[in-house]
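Only the coordinates and a few stated rules stand behind these numbers; no lab work does. Since the model is a prediction, treat every value here as computed from it, not as a measurement. Quick reminder, even Gly has a Cβ in these numbers, built from the backbone with ideal geometry, and neighbours come from all protein chains shown.
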Amino acid sequence: MALYSYKAIDARGRSLMGQIEAINLTDLELRLQRMGLDLVVGGPARRRASLFRGAIGRPELINFCFHLEQLTAAGVPILESLADLRDSVENPRFREVLSGLIESIQGGRNLSSAMADYTDVFPVVFASLIRAGEETGRMSQVLKSLADDLKWEDELVTQTKKLMMYPAFVGSLVLVVTMFLMIYLVPQMVGFIKGTGQAIPLQTRILIQVSGFFIDYWWAVLIAPVLAIAGIRLALARSPGFRYRFDDFKLRLPLFGPILRKIILSRFASIFAMMYSAGITIIDCIKTCEDIAGNLVIRQGLERAGQQIAEGQNVSTAFQNVGLFPPLVIRMLRVGESSGRLDNALLNVSYFYNRDVKEAIGKVEVMIEPAMTVILGALLGWVMLSVLGPIYDSITRIKF
């Protein structure tokens, strides 16, 4: 199928523009009609990256889960639920995806199988949980769990962005102030200091050297971070060994490393609990969670735990052997195994880590502001001491 651009009108008379895959113009018109749109004009479009076709973010998926959960719990058929949702969404790309799901289901496929055609929208774990909900008849519970998990992720991303905004702003301010001082202000003051003919202190000589470096290589100072980021990304993509060491380094970072570890393990426990309660086997749960870990160190730990469980070890002993969880969590897992409520134990693990993550982010947020203020103050103090110190000495030597 080719990609077509179109301009259409919905039932309210609003004009909409977008892109959709179709066999030809007739098929395009039929697809738009199934979406509740009347074609005005359309034609082949040059295929572009999905970034320009309208990204489907977490809020759309949350709305998708909540909408289907409410209608499914009320006994509304899945086709009617999807059609109702399709008519209410504003994102043209998501409307296209929902139309594709409806067409696939009308063709005899189930929802989870239809989602497999849109892995860029619905992750593997998403489709796996939907499949488990279909097989066990617990679709509404699965959708509710997915919505809650996506909400938690959204809150976490919001908190993280808020946490990074201040240091990013202050860091940019420090760079601008440093460039101004070293390239413009310090050279003018240094000329005056050298003109006095007195001995230049050590800290002033260091400042002169740093200022000279900024004047001669200011372009390198600006380009170096970009090249470093590009080089790290290239090495991560091409070298599994470097990726492992880099992921291990991230987990060992002061302040941020423990928070990252808790975020990954909290997500693992939450997804594991959802899949296990939906009827998926422990081995399959761990294999799926390996793909969503996002950290090679944690992933290899999960692989070792899965191998031990497959060899006959119980869950708590396997995770204790790989050292992923602290003793308190291991005890909770052991209690869950003994009581036959492993999913509840994992949800408690997720709660335990979620609470710690929120507390840790709050503490880091409180610490960042004074830390950045101290850094900026120390920089300005060093420059002022190095420049004004010799000037003050010169003035005190003047005899009236």
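Below are the figures for this structure:
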read-out	value
For the stretch 170-310, size of Cβ-based charge dipole, Lys and Arg +1, Asp and Glu -1, in debye	180
Over the chain: helical MRE at 222 nm, DSSP H runs n ≥ 4 each giving -39500 (n - 2.57), nearest 500	-25000 deg cm²/dmol
Number of Lys pairs (Cα under 19 Å; 8 or more positions apart or on different chains) in the chain	16
Pairs of alpha carbons in the chain whose separation is greater than 29 Å (percent)	62
Helical segments meeting 24 Å axial Cα length and Kyte-Doolittle 1.6 threshold in the chain (DSSP H)	218-238
Among 267-277, 200-210, 89-99, the order from most to least packed when residues are scored by Cβ within 10 Å on average	267-277, 89-99, 200-210
Dipole magnitude (debye, nearest 20) for the chain, charges at Cβ of Lys, Arg, Asp, Glu	1440
Pairwise label distance in nanometres, L16 with D216, each label 7 Å out on the Cα-Cβ vector	6.2
FRET E, pair V177, R331, Förster distance 56 Å, beta-carbon r, rounded to 0.05	0.65
With eigenvalues of the C-alpha gyration tensor scaled by 5 and rooted, the stretch 269-313, Å	16, 14, 6
Amide H contacts under 5 Å for V40, placed H, 5+ residues apart	K7, A8, I9
Candidates V357, V387, V297, ranked by Gaussian network fluctuation over the chain, Cα under 10 Å, top entry	V387
Relative contact order of the chain, pairs being alpha-carbon contacts under 8 Å that are 6 or more residues apart, as %	13
Kirkwood estimate for the stretch 112-208, i.e. one over the average of 1/r between Cα atoms, Å	19.1
